[in-house]
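Data block below; observations after.
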Amino acid sequence: MKGVLLVLLMLTGFSFSQKPAHLIRPADTLNKDAFFNTVQQSLNLFYADYANQKNYDSIINSLNYEPDQVPTFSDEVYCQRLEEMSRRSPFHMDCNQATLSTIKFFAAQRRGFVRVVMGRSALYFDMFGEKLAEYGLPQELRYLSVIESGLRPQVKSRAGALGLWQFMYKTGLYFGLEENSYIDERMDPEKATDAACRYLKQLYGIYGDWNLALAAYNAGPGNVNHAIKRSGGKTTYWEVRPFLPQETQGYVPNFIAAAYLITYHAEHNIVPMEAKVHNAQLDTMCMKDGVHMNTIAQLATWDLEDIKALNPVYKTAFIPKMTPARCLTGPMEKINLLVSLEDSLYSLEKSIYAPKPPAPKPIVGTLDNQQLIDSTALNIQDQDSLKPSTENLLYHKVKTGENLKNIALNYGVTIEQILEWNGLQTTNIYVGQKLKLFSTKTVAPTPPPAPKPVQPAKKYYTVKAGDTFGKIASKNNLDQAQLKKLNPGVNINNIIVGQRIRIK
């Protein structure tokens, strides 16, 4: 945050240097809204520039690749690049037949996968980097999540492993990842990453070799220990590899291939998919009360699927009230809007989802239909802005094409008022439904539908002995062409007694 604050100050041009007293503006003349607006715009510009600062096309353009070209290289080039990666890392990016064949397979057959994960990496890699640095772990471990989950926090394996780092249920509990009916922290990107860092640090402490630590992350320490014993006490992954489970034998080569192709994606003419949002553009808001994501979507004009995608920790579209408070992650502009409308958010949530009392029986008496109201109608509203009474009570019958928004506009009321007056928990209404409204606004009556044109009745003639098509036409004041038009499927040269011929 210190770095962000420094950039913010540079962008906004604010200075905290001492000024002469006669130049200091009185505090009460500061336009706070303008100040915060300037700060927000500066942050938006900074983060947008930061998110787009990588130029993925420069190497590709310099190599003059065609859009669909799939470059290939000699084994010597692959080995030189892996050696260069090893020099900059505590990992051994070994160049052998297993890694070379895996790299070539990914470069030819899994190019789309590399494009997709590189697009998703904009959302996660910065956060991974911070967590890995916090625990003193190699930055290359970020590629582990690529081969574990494809950077999809909701992915679940056949064995039940879940999340970006594919924690099994018991392992997740061991590292403090909570699960209940509403949340599963194995799908929480930040908490699961923190747990993965602690687990990987522990494994490296056991084996002292990163490739063996990765094998233990995949197969479990028990399987690795058995493999070490069967190998005669060998202490490196490649010596132990033949004795590991089949899946784990391919695990480290997959990791090396993913690390290689993400590092040298441009040389392989792989252009990352465009990211919807960058990690640096996200903010969070912690909830004081339980809130449905539908309410958030409605208030902030925010796509529900985008909310779910950025908040995978929640099993359903509901954020429960918990201690400590559960939080919502989203683009800064959406989070800032929700913070400014926090009271409205909880009010709208209550108006839509709070339990409503059962509808009371109507008063039976001398009141006409327009005045017929329930016994509590006058006491439903305690808000100053709403004063329902029999004088402004009316009923509206829902017509085809109507929704609560246009009904509310027609009568000069709000959607929340209609929901409250009618004890509705959702905005779904149906044609023919009667809605109780309190409004003094006169609404022009809907004109009755145009009458349907009267269709002429059909009339038929039953063929008798001696009848011909021409005779039937003549008997009914028609010519043969008119009669034929009324009977398009009839063979006029082969009519039979008892056959019905349409004559009108």
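Any residue that is at negative phi, β-branched (V, I, T), in contact (Cβ under 8 Å) with a residue 40 or more places away in the chain and assigned to a loop (DSSP other than H, G, I, E, B) - is there at least one of those in the stretch 245-265?
No: the stretch 245-265 contains no residue that is at negative phi, β-branched (V, I, T), in contact (Cβ under 8 Å) with a residue 40 or more places away in the chain and assigned to a loop (DSSP other than H, G, I, E, B).
From the residues in the stretch 214-235 that are of a type in the set (A, V, I, L, M) and either surrounded by fewer than 23 Cβ atoms within 10 Å (Cβ to Cβ) or part of a loop (DSSP other than H, G, I, E, B) (or both), which one is nearest to the chain's Cα centre (by Cα)?
A219
Yes/no per residue for (1) in a loop (DSSP other than H, G, I, E, B); (2) assigned by TED's automatic domain parsing to the domain that holds G330; (3) without any contact (Cβ under 8 Å) to a residue 12 or more places away in the chain:
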position: R158; (1), (2), (3): yes, no, yes
position: W165; (1), (2), (3): yes, no, no
position: K170; (1), (2), (3): no, no, yes
position: L173; (1), (2), (3): no, no, yes
position: R186; (1), (2), (3): no, no, no
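Specify which of the listed residues (L137, L132, L144) is part of a loop (DSSP other than H, G, I, E, B), more than 26 Å from I319 (Cβ to Cβ), touching a residue at least 60 places away in the same chain (Cβ under 8 Å) and not hydroxyl-bearing (S, T, Y).
None of the others qualify; the one that does is L137.
So Y135 fits all but one of (1) on the phi > 0 side of the Ramachandran plot; (2) surrounded by fewer than 19 Cβ atoms within 10 Å (Cβ to Cβ); what number is the exception?
Against the list (1) on the phi > 0 side of the Ramachandran plot; (2) surrounded by fewer than 19 Cβ atoms within 10 Å (Cβ to Cβ), Y135 comes up short only on (1).
Going residue by residue through the stretch 373-382, is there one that turns out to be of a type in the set (A, V, I, L, M, F, W, C), modelled with pLDDT under 95 and surrounded by fewer than 15 Cβ atoms within 10 Å (Cβ to Cβ)?
yes
The values are calculated or read from the model by the stated rules, or taken from the named source; none is laboratory data. The structure presented is a predicted model; accordingly, all values stated were derived computationally and were not measured. Note that each Cβ is placed from the backbone with ideal geometry, even for glycine, and that neighbours are counted across all protein chains shown.
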